[in-house]
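**Student:** Sharing a structure below in structure tokens format, with a few things to ask.
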Amino acid sequence: MSEMAKSLVFTGERQLEIREYPIPEVSGDKILIKVDASAICTWEQRVYTGVKKVEFPFIGGHEMSGRIIAMGKDVDRRQWAVGDMVVAGVTLPCRNCYRCKSGNEQNCEHFNHSRHLEGLPEKGMGGLSSHLLVDPANLFHIGNVTPEEAAITEPLSCVLHSVETGQIEFGDTVVVIGCGIMGLLHVMLSVRRGASVIVSDTNEERTALALKLGASHAVNPAKENLEERVKEITGGLKAQVVFDTTPISKVAEDAVKVVSNNGRLVLYSSFYPDTPITISPDWLHKSGAKLLGTANSNTVDFVKAARMISEKIVDMKPFISEVYELEDYQKAFESAVKGDKFRVVIRF
């Protein structure tokens, strides 16, 4: 019997199983990649615990790296070769709507997590599969790193989009609220943009890591008043850019208090539950501040993120908390949902 491909499929809440499917045939301008590593994002964790509703069966996974193993006859051989190490991403936008056509695939009007990708046994993002058929437009070269490090390209691309949305300038003070993987990636990129960074988190192990990664000050909001500390550090100016990376509405409401006049508050995370917040319209009017949202990433962000990882401008090693083989998928997910890790990665 010929070798079969494998997918990790959600079949219900806290239920997963490995399903086999034929290795997809390659034709036209498609590229077949063998997935080496797939990281478990908070999104997949929420599907697993039932917080995020999807229709089962469903294949998760959108943070993955692999190698090209076959190419259709129409693939541009000047750009791609069998054996190339790649990351796959930006597979979900429709590419046809106004947003996509104007270079904003990250805000596609028809963004679809539940599309049925060609060659896969079930619908879904597909990254938790051993073999993926990918359009070259969604592939990005990466190198000089392990497959596990490469798998973190997608989170970095999203943070990169967020940091560019915040328009950090040299000498700005940046406040990053939340020191999970996304918060810490915001720290690393903000520092590289020439900012002084203040982090806020009740987990002092994580804020200690933030200081190691380049933050200048750490605040524990359970022990001290964030607004007072930021005022003290900045001589009353407050922060030119604030990133809220937590999913808690109340934190977003409080984040406003540390934004300077003409500052920018960027809401990075999804919010669960999505409770409305109160903001003074008069403050917004008088301060000239901007309230900004960001989600996902686009092709340009992916190119930049893959380059930054390949060139060792940023080090992804601190964010790989655990690595499991595919067969240990249940352990991997149970470990990931504890919420005390950065990224748990499954190796194929």
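**Student:** Right, Val303: modelled with pLDDT of 95 or more, farther than 18 Å from Cys41 by Cβ, of a type outside the set (Lys, Arg) and under 15 Å from the mean Cα position of the chain (by Cα) or not? Before the answer, list the steps.
**Tutor:** Numbers: modelled with pLDDT of 95 or more: yes; farther than 18 Å from Cys41 by Cβ: yes; of a type outside the set (Lys, Arg): yes; under 15 Å from the mean Cα position of the chain (by Cα): yes.
When the stated conditions are applied, Val303 passes them.
**Student:** Among the residues of the stretch 155-180, which ones are more than 9 Å from the chain's Cα centre (by Cα) and aliphatic (A, V, I, L, M)?
**Tutor:** Pass one, the stretch 155-180, residues more than 9 Å from the chain's Cα centre (by Cα): 160-180.
If the condition is that a residue be more than 9 Å from the chain's Cα centre (by Cα) and aliphatic (A, V, I, L, M), then Leu160, Val163, Ile168, Val174, Val175, Val176, Ile177 are the ones that fit.
**Student:** If you don't mind, there's one more thing I want to ask. Report the residue count in the stretch 125-139 for those that are polar (S, T, N, Q) and either over 16 Å from Ile23 (Cα atoms) or modelled with pLDDT under 95 (or both). Walk me through how you get there before you give the answer.
**Tutor:** In the first step, residues of the stretch 125-139 are kept if they are polar (S, T, N, Q); the result is 129-130, 138.
Narrowing further to those that are either over 16 Å from Ile23 (Cα atoms) or modelled with pLDDT under 95 (or both): 138.
Adding up the residues that qualify gives 1.
**Student:** Test each condition in (1) closer than 18 Å to Val134 by Cβ; (2) open to solvent by 20 Å² or more (accessible area, probe 1.4 Å); (3) touching a residue at least 12 places away in the same chain (Cβ under 8 Å) for Glu63 and report the one that comes out false.
**Tutor:** Status for Glu63: all satisfied but (2).
**Student:** Turning to a different aspect of this structure: Given the structure, is Leu284 touching a Leu at 6+ places or on another chain (Cβ under 9 Å) and under 29 Å from Asn104 (Cα atoms)? Before you say what the answer is, go through the steps one by one.
**Tutor:** Details: touching a Leu at 6+ places or on another chain (Cβ under 9 Å): yes; under 29 Å from Asn104 (Cα atoms): yes.
Yes: the conditions hold for Leu284.
**Student:** Going through the stretch 55-75 one residue at a time, which ones are part of a loop (DSSP other than H, G, I, E, B) and among the β-branched types (Val, Ile, Thr)? So that I can check it myself, show each step before the final result.
**Tutor:** Step one: of the stretch 55-75, the residues part of a loop (DSSP other than H, G, I, E, B) are 55-57, 60-63, 72-75.
Matches in the stretch 55-75: Val75 only.
**Student:** When the stretch 323-338 is examined, which residues are found to be over 18 Å from Val35 (Cα atoms), without any contact (Cβ under 8 Å) to a residue 60 or more places away in the chain and outside any helix (DSSP H, G or I)? Quick ask: steps written out before the conclusion?
**Tutor:** If we filter the stretch 323-338 for residues that are over 18 Å from Val35 (Cα atoms), which is where we start, we get 330-331, 333-338.
Of the ones still in play, those that are also without any contact (Cβ under 8 Å) to a residue 60 or more places away in the chain are 331, 334-335, 338.
Answer for the stretch 323-338, where residues must be over 18 Å from Val35 (Cα atoms), without any contact (Cβ under 8 Å) to a residue 60 or more places away in the chain and outside any helix (DSSP H, G or I): just Lys338.
Listed here are the residues, each with its yes/no results for (1) touching an Asp or Glu at 6+ places or on another chain (Cβ under 8 Å); (2) assigned to a helix (DSSP H, G or I); (3) open to solvent by 60 Å² or more (accessible area, probe 1.4 Å); (4) not aromatic (Phe, Trp, Tyr).
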site: Glu253; (1), (2), (3), (4): no, yes, no, yes
site: Leu265; (1), (2), (3), (4): yes, no, no, yes
site: Asp274; (1), (2), (3), (4): no, no, yes, yes
site: His285; (1), (2), (3), (4): no, yes, yes, yes
site: Lys304; (1), (2), (3), (4): no, yes, yes, yes
site: Arg307; (1), (2), (3), (4): no, yes, yes, yes
site: Ser321; (1), (2), (3), (4): no, no, no, yes
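**Student:** If Ser270 meets every condition in (1) assigned to a loop (DSSP other than H, G, I, E, B); (2) open to solvent by less than 70 Å² (accessible area, probe 1.4 Å); (3) closer than 30 Å to Asn144 by Cβ apart from one, which number is that one?
**Tutor:** For Ser270, the failing item is (3).
**Student:** Looking only at the stretch 331-348, which residues are exposed (fewer than 15 other Cβ atoms within 10 Å of the Cβ) and either at pLDDT 95 or above or closer than 13 Å to Glu63 by Cβ (or both)?
**Tutor:** Selection gives Lys331, Glu334, Lys338.
**Student:** Filtering the stretch 110-166 down to residues that are out of contact with any helix residue (DSSP H, G or I) (no Cβ under 7 Å at 6 or more places or on another chain) and among the charged types (D, E, K, R), which residue is surrounded by the most Cβ atoms within 10 Å (Cβ to Cβ)?
**Tutor:** By that ranking, first place goes to Glu154.
**Student:** Continuing with this model, one more query. State which residue pairs qualify: first residue more than 14 Å from Ile313 (Cβ to Cβ) and inside the stretch 183-212, second residue hydroxyl-bearing (Ser, Thr, Tyr) and assigned to a helix (DSSP H, G or I) in any location, beta carbons under 9 Å apart, and separation of 6 or more residues or different chains.
**Tutor:** His186/Ser162; Ser196/Ser190; Ser196/Thr234; Val197/Ser190; Ile198/Thr234; Val199/Thr207; Ser200/Thr207; Asp201/Thr207
**Student:** Working only within the stretch 20-38, note down all residues that are open to solvent by 20 Å² or more (accessible area, probe 1.4 Å) and under 18 Å from His62 (Cβ atoms). It would help to see each step written out before you state the result.
**Tutor:** Residues of the stretch 20-38 that are open to solvent by 20 Å² or more (accessible area, probe 1.4 Å), as a first pass: 20, 22-23, 25-30, 34.
Once the filter is applied, which keeps residues that are open to solvent by 20 Å² or more (accessible area, probe 1.4 Å) and under 18 Å from His62 (Cβ atoms), the stretch 20-38 yields only Lys34.
The values are calculated or read from the model by the stated rules, or taken from the named source; none is laboratory data. Because the structure is a prediction, the values reported are computed rather than measured. Heads up, the Cβs are rebuilt from the backbone with ideal geometry, glycines too, and the neighbour counts pull from every protein chain shown. Note: accessible area is taken over every heavy atom of the protein model, side chains too, but ligands, DNA and RNA are not part of it. Shrake-Rupley method; radii C 1.70, N 1.55, O 1.52, S 1.80 Å.
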